[in-house]
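The values are calculated or read from the model by the stated rules, or taken from the named source; none is laboratory data. Quick caveat: nothing in here was measured; it's all calculated off a predicted structure. Don't worry about glycine lacking a Cβ; one is built from the backbone with ideal geometry, like all the others, and counts go over all protein chains shown. Heads up: the accessible areas ignore ligands, DNA and RNA and are worked out on the full protein's heavy atoms, side chains in. Shrake-Rupley method; radii C 1.70, N 1.55, O 1.52, S 1.80 Å.
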Amino acid sequence: MTAAQRLRGLWGLQEGMHFLNHGSFGATPLVVQEEQSRIRAQMEAQPIRFFVRHLPGALSHSAALVAELVGARPEDLVLVDNATAGVNAVLRSIQVGEGDRLVTLSHVYPAVRNSMRAIAARSGASVVEVRLPCPVLDDAWLEELDQALVGARVAVLDHVTSATGLVLPIQAMIALCRKHGVPVLVDGAHAPGLLPLQVQALGADWYTGNLHKWVCAPKGTAFLWAAPPLQGSLQPPVVGHAYGQDWRQTFHTLGTRDYSNWLSVPAVLDFWRSIGGLERAREHNDDLASQAMSLLQDGLGVQAAGPQQMRAAMAAFLLPQSIASATPQGSLELNDLLWEKYRIEVPITPHEGRLWLRISAQLYNELDDYRALLSALVAIQGE
């Protein structure tokens, strides 16, 4: 049994499949699932003591651990359900008026694009998408971003793109926002656990990221960081009992809900320590993704979405038109074929009239998973 096969058992993934899509929803280790179940049982055993006495301190402890993980002060960070909720909390707390421009990139996550469109439609503002070419061959697009930021109301920028898995030069983009005096919200949905993070040092105004992806926390675990001067104006999507109090209480006092996902943060961090730490896992995953891309590029002659320095444990490449039609229907049909015939789970996304396939690398993966993908794509191409 290989090391990857042994580690796979820690996650409890379905046997007999090649799971190459950790980046979409993550996967929660069994030991963390068990801790979440224990917390739920504790909640149901004595609900009053749990919600009134135990919960506030436990939430503060989880948030403090997350702050340490991402390089922030505990008082500057709150827990939220996902990065989309973090984006909405920020955008709905900003005063946006008629004629204002909200700037983002063409690779923006669809839910974030829709959040910006909803704000713009309500206020008479507009959304400007700066085209990020794909594949990325140079940094000329930064000049276009620089121009688009002139007079903008706010910028919402990806740290890591979703469909194409590109690690963007976030510090350079933030510097452009600072140059033009434009507040900047960073959508770091994929970044925690995928990249080493020092959120406070980046110089952004707000930063939100998911913990259920690469940190492998239970689904619905994420954070929102805000620079101190901006915290007082932030409100969660749901306003509860703590309105007008400390911003952390405002976000954490959401009424009766299942908080076991957030309270499982200590368990997931213990899990990583028990198998060598997140940093070691990142290094392994980055190396495996690089090897996998070399294998696929050599075997298919495909073009990567960006250079090696813009990739981490996710990487995307352009699918040949001989494999599938570059339409939403074509992507769904190919995804279903890979799953039903080859038991390969991997995301395929239409972008600018072409199909992109994105691989992920996690500790439970090995090169044989990507060899299986290569063989399947070669077979499909030859049909």
- Item | Residue tally, condition over 21 Å from P183 (Cα atoms) and either β-branched (V, I, T) or in contact with a Lys or Arg (Cβ under 7 Å, 6 or more places away or on another chain) (or both), over region 197-255 | 7
- Query: Are any of the residues in region 12-31 part of a helix (DSSP H, G or I), more than 28 Å from Y342 (Cα to Cα), open to solvent by 30 Å² or more (accessible area, probe 1.4 Å) and not aromatic (F, W, Y)?
  - Reply: yes
- Note on the structure: Going through (1) surrounded by fewer than 20 Cβ atoms within 10 Å (Cβ to Cβ); (2) in contact with a strand residue (DSSP E or B) (Cβ under 7 Å, 6 or more places away or on another chain); (3) of a type outside the set (D, E, K, R) one by one, P196 fails only at (2)
- State the number of residues belonging to region 339-381 that are open to solvent by less than 50 Å² (accessible area, probe 1.4 Å) and either farther than 19 Å from S162 by Cβ or free of Cβ contacts under 8 Å to residues at least 24 places away in the same chain (or both). 15
- Determine which single condition P320 fails, assuming it passes every other condition in (1) surrounded by fewer than 19 Cβ atoms within 10 Å (Cβ to Cβ); (2) touching a Lys or Arg at 6+ places or on another chain (Cβ under 8 Å); (3) part of a loop (DSSP other than H, G, I, E, B); (4) not hydrophobic (A, V, I, L, M, F, W, C). (2)
- Given the structure, is P228 loosely packed, with under 13 Cβ neighbours inside 10 Å and touching a residue at least 12 places away in the same chain (Cβ under 8 Å)? yes
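Just one of Y342, Y364 is more than 23 Å from the chain's Cα centre (by Cα) and either under 24 Å from L30 (Cβ atoms) or aromatic (F, W, Y) (or both); which is it?
Values: Y364 fails: more than 23 Å from the chain's Cα centre (by Cα).
None of the other options fit; the residue is Y342.
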- Note on the structure: Flagged pairs (Cβ under 7 angstrom, 6 or more apart or on separate chains; first in region 144-161, open to solvent by 10 Å² or more (accessible area, probe 1.4 Å) and modelled with pLDDT of 95 or more; second β-branched (V, I, T) and part of a helix (DSSP H, G or I)) are H159/I170
- Note on the structure: Taking region 57-104 and keeping residues open to solvent by 30 Å² or more (accessible area, probe 1.4 Å), closer than 24 Å to P192 by Cα and over 22 Å from the mean Cα position of the chain (by Cα) leaves G57, S60, H61, E75
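Being of a type in the set (A, V, I, L, M) and open to solvent by 60 Å² or more (accessible area, probe 1.4 Å): is that true of V239 here?
Working: of a type in the set (A, V, I, L, M): yes; open to solvent by 60 Å² or more (accessible area, probe 1.4 Å): yes.
Yes, satisfied.
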- Could you list all residues from region 328-338 that are over 24 Å from the mean Cα position of the chain (by Cα) and open to solvent by 10 Å² or more (accessible area, probe 1.4 Å)? Q329, E333, L337
- Total residues in region 242-268, condition more than 27 Å from S37 (Cα to Cα) and either in contact with a strand residue (DSSP E or B) (Cβ under 6 Å, 6 or more places away or on another chain) or open to solvent by 20 Å² or more (accessible area, probe 1.4 Å) (or both): 4
- Task: Starting from region 105-125, keep only residues that are on the phi < 0 side of the Ramachandran plot, then list their pairs with residues that are open to solvent by 10 Å² or more (accessible area, probe 1.4 Å) and of a type in the set (S, T, Y) whose Cβ atoms are within a distance under 8 Å, requiring at least 6 positions of separation or different chains.
- Result: H107/S162; Y109/T84; Y109/S162; A111/T84; V112/T84; S115/T84; A120/S126
- When you scan region 171-181, how many residues do you find that are closer than 20 Å to Y109 by Cβ and touching a helix residue (DSSP H, G or I) at 6+ places or on another chain (Cβ under 8 Å)? 2
